[in-house]
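Visitor: Right, I'll just put the structure down here and ask away after.
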Amino acid sequence: MLREQRSLILDFEKLLDITITAFSFIAAYFIKRHLVPGRLAGLSTDPNYYLILTLIIISWYIAFKWMNMYMSYRERPFWQFFTGIVKSNLLGMILLTITMYVMHIHAISRLLMGIFIALNIGLLTLSKFIIFTTLEKLRTDGFNTCSVLIIGSKERAREVIRAIEKYKASGYRVAGCFDINEDLLGQIVENGHKVIGLVGDLEAYLRHNIVDELIFAMPLKMIQRGDRYLALAESMGIKVRIIPDWEIHYFMYRPNIATIRFESFLGVYNMVLQSTPANEGKILIKHVAGYMTAMVLTLVLMPVFIAVAVAIKRTSPGPVFYTQERLGLNGRKFKLYKFRTMVNNADDIRKELEEMNEMDGPVFKIKDDPRIIPGIGQFLRKTSLDELPQLFNVLRGEMCLVGPRPPLSKEVDEYSVRHRRRLSMKPGMTCLWQIAPNRNDLSFEEWMKLDLEYIDNWSLFNDVKILVLTARAVLTRSGR
């Protein structure tokens with residue numbers, strides 16, 4: 001899923017590889033000078049080995065880039081990484097040799113360079129293998145899986161299914177196939193995967209099921225008003241892959257939000273339309289940094305957790321925590337945790353208060369909600385400290401520190417297609433709505449607009465900015 005572009009995670013990986021390369025040369029230098037037995041030991045003082053190390057770093061950096069070392073761990077087998085490492089080292093050696101010839105650098109030990117190449121290939125292979133197997137194990141255990149719905153049931157669809165089944169550790173899971181022919185419903189396409197629906201019912205299926213990627217594996221000209229379904233997926237933030245029949249000009253479709261690129265999907269070349277942030281490297285940085293921050297905050301704020309728990313217990317009968325089923329990334333259900341700020345039967349009483357709802361759309365909010373526990377409940381809401389237990393949701397991988405707030409299932413049922421795109425990013429504890437000066441007076445449409453604006457303009461800097469402004473909102477008690 002990693003886009004072939006410069007990103008923080010790729011920069012980190014390049015830095016790691018260059019560090020390993022530099023370490024390999026330094027280690028080879030000490031091995032040749034001190035550990036090699038007999039007459040082979042030792043090194044002359046000429047050439048300048050600091051200069052050689054610098055030339056190696058430059059040559060190998062270029063070689064890593066030219067030999068496509070930074071491929072997707074999800075979509076490539078490990079042998080391709082090993083091949084890339086060997087080719088990169090050979091090209092690096094060629095570049096270094098040419099550079100030394102031009103600079104008239106001679107008399108460098110061949111044994112030294114042989115030890116260096118062997119160490120470098122071995123250590124680079126080990127580092128890639130550790131990363132590859134770790135990610136593979138996580139996906140095999142069900143973490144970071146990707147649900148795929150295939151449009152089509154003929155040979156192209158079978159090819160996609162075979163590719164996914166061949167690389168099960170990639171984390172892709174086939175939800176099923178859709179077709180335009182009603183007679184094919186229920187028929188097996190490949191390896192037990194069936195035609196589960198018709199293209200005409202695609203919108204209803206996407207609304208009520210988890211779909212991370214939509215793959216068109218049939219000629220686009222066969223789908224009546226096919227551009228409507230591309231626009232549908234784009235509006236909902238679902239990544240689209242098209243296995244090309246090279247007649248895509250048939251649609252003349254121009255996406256309003258999505259970016260277009262070509263890439264390989266488990267060896268099957270396809271065109272991708274993606275309307276969520278495509279920089280998966282920075283997204284990974286966001287998740288890792290969020291997890292580490294949540295862990296630190298949980299430990300640091302443990303006295304606050306204990307004090308709030310005691311206060312709730314002393315002022316209101318019932319549990320300390322309130323749990324509620326919410327929808328996360330692309331509609332995945334999870335239990336959201338909050339400190340309980342309302343009476344124990346608040347959900348039952350809500351039915352009697354529907355007419356007092358001050359928000360338009362599917363969201364329910366009242367300025368002076370009579371269900372709130374006097375004192376501690378009002379304080380927690382004003383300071384937004386009732387949201388603190390969602391740090392546990394961040395640690396469980398269900399939420400991020402920053403992202404659109406997770407909605408209720410019944411709220412999503414009333415969403416328009418455009419609103420559903422806010423589910424295309426993992427939900428967060430805070431977002432633009434939380435820091436809006438007049439957030440309690442915003443309409444439902446304005447709230448949705450802020451969330452979609454966050455997705456379309458997402459960056460790590462913006463996340464940090466939102467966290468800082470959230471801290472200010474907590475201190476000024478601007479919640480409700």
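The values are calculated or read from the model by the stated rules, or taken from the named source; none is laboratory data. Keep in mind the model is a prediction, meaning the values are calculated, not measured. All Cβ positions, glycine included, derive from the backbone under ideal geometry; neighbour counts span all protein chains shown. All accessible areas refer to the heavy atoms of the entire protein, side chains included, with ligands and DNA or RNA removed. Shrake-Rupley method; radii C 1.70, N 1.55, O 1.52, S 1.80 Å.
Visitor: Looking at the square roots a ≥ b ≥ c of the eigenvalues of the Cα gyration tensor of the range 325-421, which shape do they give, rounded for a/c under 1.5, prolate if a/b is larger than b/c, or oblate?
Guide: Note, shape of the range 325-421 comes out oblate.
Visitor: Also, quick follow-up: Looking at the range 283-368, which trypsin sites (Lys or Arg not before Pro) are DSSP coil and have at most 15 other C-beta atoms within 10 Å of their C-beta?
Guide: Details: sites: Lys286, Lys313, Arg314, Arg326, Arg332, Lys333, Lys335, Lys338, Arg340, Arg350, Lys351, Lys365, Lys367; in loops: Arg332, Arg340, Lys365, Lys367.
Loop-located and lightly packed - Lys365, Lys367.
Visitor: Calculated FRET efficiency, Val464 and His208, Cβ-Cβ r, R0 30 Å, to nearest 0.05? Present the calculation step by step, with values, prior to reporting the outcome.
Guide: Working: r = 36 Å, r/R0 = 1.19.
Once the sixth-power term is evaluated, E becomes 0.25.
Visitor: If you don't mind, there's one more thing I want to ask. First check a/c for the range 132-215, with a ≥ b ≥ c the square roots of the eigenvalues of its C-alpha gyration tensor; if it is under 1.5, answer rounded, and if not, answer prolate when a/b is larger than b/c or oblate otherwise.
Guide: Working: a/c = 2.94, a/b = 1.66, b/c = 1.77.
Note, shape of the range 132-215 comes out oblate.
Visitor: Same structure again: How much length is gained if the chain between Val296 and Asp227 is pulled fully straight, taking 0.36 nm per residue apart and subtracting their Cα-Cα distance, in nm to one decimal?
Guide: Details: separation 69, 0.36 × 69 = 24.84 nm, distance 4.72 nm.
Length gained, Val296 through Asp227: 20.1 nm.
Visitor: Report, in debye and to the nearest 20, how large the dipole of the chain comes out about its Cα centre when Lys and Arg carry +1 and Asp and Glu carry -1 on their Cβ. Please report the intermediate quantities before stating the final value.
Guide: Numbers: 61 positive and 48 negative charges, 293 e Å.
Charge dipole of the chain: 1400 debye, to the nearest 20.
Visitor: Given the options Leu138, Ser127, Ile117, identify the residue whose Cα lies farthest towards the positive end of the charge dipole of the range 115-171 (+1 on Cβ of Lys, Arg; -1 on Cβ of Asp, Glu).
Guide: Sorting the options by dipole projection puts first Leu138.
Visitor: By a straight-distance test (C-alpha under 12 Å), which aspartates and glutamates pair with Lys166 as possible cross-link partners, with residues fewer than eight away in the same chain excluded?
Guide: Within reach: Glu75.
Visitor: Among Ile57, Ile196, Leu442, which residue has its Cα furthest toward the positive end of the charge dipole of the chain, with +1 on Lys/Arg Cβ and -1 on Asp/Glu Cβ?
Guide: The residue sitting farthest along the positive end of the dipole is Ile57.
Visitor: Which one is right for this structure if Cα extents along the principal axes in Å is calculated from it: (1) 93, 56, 50; (2) 92, 63, 35; (3) 77, 72, 53?
Guide: From the options (1) 93, 56, 50; (2) 92, 63, 35; (3) 77, 72, 53, the structure gives (2).
Visitor: Among rounded, prolate and oblate, which fits the range 391-439 when a ≥ b ≥ c are the square roots of the eigenvalues of its C-alpha gyration tensor, a/c under 1.5 means rounded, and a/b larger than b/c means prolate?
Guide: Numbers: a/c = 2.09, a/b = 1.20, b/c = 1.74.
It comes out oblate by the Cα gyration axes.
Visitor: Still on this structure, please answer the following. Setting aside same-chain residues fewer than 8 positions from Lys313, which lysines have a Cα under 18 Å from its Cα?
Guide: By straight Cα distance, Lys313 reaches Lys338.
Visitor: In terms of the ratio Rg/(2.2 N^0.38 Å) built on C-alpha atoms, what value belongs to the range 292-381?
Guide: On the way: Rg = 15.2 Å, N = 90, 2.2 N^0.38 = 12.2 Å.
Here the Cα radius of gyration is 1.25 times the empirical estimate.
Visitor: As a quick test, which of the pairs Lys168/Lys426; Lys14/Lys286; Lys137/Lys465; Lys239/Lys282; Lys367/Lys449 have an alpha carbon distance above 27 angstrom in this structure? Let's see the in-between values first.
Guide: Numbers: Lys168/Lys426 24 Å; Lys14/Lys286 19 Å; Lys137/Lys465 34 Å; Lys239/Lys282 18 Å; Lys367/Lys449 22 Å.
Lys137/Lys465, as the Cα separations exceed 27 Å there.
Visitor: Near Lys335, which aspartates and glutamates are there with a Cα under 12 Å away, not counting those fewer than 8 places off in the same chain?
Guide: Cross-link targets: Glu325, Glu398.
Visitor: For Ala118 paired with His287, estimate the spin-label separation in nm (one decimal), with each label point 7 Å from Cα along the Cα-to-Cβ line.
Guide: Result: 4.0 nm between the two label points.
Visitor: Taking 41 Å as R0, compute the FRET efficiency from the Cβ-Cβ separation of Lys333 and Met103 and round it to 0.05.
Guide: Working: r = 63 Å, r/R0 = 1.54.
For R0 = 41 Å, the calculated efficiency reads 0.05.
Visitor: When only alpha-carbon atoms count, how far does the range 27-143 stretch along each of its three principal axes, as whole angstroms with the largest first?
Guide: 55, 33, 19
Visitor: Give the accessible surface of the chain per residue, rounded to a whole number of Å², with probe radius 1.4 Å and ligands, DNA and RNA excluded. Present the calculation step by step, with values, prior to reporting the outcome.
Guide: Details: 24080 Å² over 480 residues.
Ligands and nucleic acids excluded, the result is 50 Å² per residue.
Visitor: For a label point 7 angstrom out from the Cα of Phe444 toward its Cβ, which stretches of the range 317-358 have the backbone nitrogen within less than 13 Å?
Guide: Within reach of a label on Phe444, which here means backbone N under 13 Å from a point 7 Å along Cα→Cβ, the range 317-358 contributes 357-358.
Visitor: Within the chain, which is the longest segment that contains none of the chymotrypsin sites (Phe, Trp or Tyr not before Pro) sitting in a DSSP loop with at most 11 other Cβ atoms within 10 Å?
Guide: Working: sites that count: Phe143, Trp246.
Result, exposed sites excluded: 247-480.
Visitor: Ignoring the sites themselves, what is the longest stretch of the chain with no GluC sites (Glu not before Pro) in a DSSP loop and at most 16 other beta-carbon atoms within 10 Å?
Guide: Working: sites that count: Glu4, Glu247, Glu358, Glu414.
Value returned for the longest uninterrupted segment is 5-246.
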